[in-house]
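Chemist: Take this structure, written in structure tokens, and hold onto it; I'll ask about it next.
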Amino acid sequence: MKTTEIYDPKTEKWSISAILSLARCDHTASLLQNGKVLVAGGFTLNGSSLSSAELFDPSTEKWTMTGSMNQPRQSHTTTVLTNGQVLITGGYGSELYYPFTQLWTTY
């Protein structure tokens, strides 16, 4: 789905938010140290795996495309490391996302 919602724990209600650039299922979402949310991978509604990633900026409530992963992934995991990088594993090897450069590297 391309739709997103935001939950407000004070009011205990959901509200419609910005639309993703690509509809995706089985992706990951990670809260970055800068307050943005990184959504990575997943698959399209027709079943194609995605290597793309998007960033949500809560101050503007907008999604923007960011650097794509080196491999398409679904059913993967992401972990935000103490240095701010995002480790993604599962599928084909591992990659690191660098929020400051918006690039991925494999290792």
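What follows draws every value from the coordinates through simple rules; no lab data is involved. All values derive from a computational prediction rather than experimental measurement. All Cβ positions, even for glycine, are placed from backbone atoms using ideal geometry, and neighbour counts span all protein chains on display.
Chemist: In sequence order, what are the phi-derived ³J(HN,Hα) couplings for segment 73-80 according to the Karplus relation 6.51 cos²θ - 1.76 cosθ + 1.60 with θ = phi - 60°, rounded to whole Hz, with x for glycine and proline?
Modeler: Per residue, the Karplus-derived 3J(HN,Hα) values read 9, 8, 6, 9, 10, 10, 9, 7 Hz.
Chemist: Stretch residue 107-residue 26 to full length: gain in nm at 0.36 nm per residue minus the Cα-Cα span?
Modeler: Full-extension gain reported as 26.8 nm.
Chemist: Another question about this same structure. Give, in nm to one decimal, the length gained when the segment between residue 8 and residue 81 is fully stretched (0.36 nm per residue of separation minus the Cα-Cα distance).
Modeler: Extending this stretch completely gives an extra 23.7 nm.
Chemist: Here's another thing I want to ask about it. Is the shape of the chain best called rounded, prolate or oblate, per the rule: a/c under 1.5 gives rounded, else a/b larger than b/c gives prolate, else oblate, with a ≥ b ≥ c the square roots of the Cα gyration tensor eigenvalues?
Modeler: oblate
Chemist: Now for a separate question. Once you charge only the Cβ atoms, +1 for Lys and Arg and -1 for Asp and Glu, what is the size of the charge dipole of segment 5-106 about its Cα centre, to the nearest 20 debye?
Modeler: Approximately 80 debye in magnitude.
Chemist: Quick one: compute a quarter of the convex hull surface over the Cα atoms of segment 67-107 and quote it in nm².
Modeler: 2.7
Chemist: When you count, for each residue, the other Cβ atoms within 10 Å and take the mean per peptide, how do 32-41, 78-87, 95-104, 49-58 rank with the highest first?
Modeler: 49-58, 32-41, 95-104, 78-87
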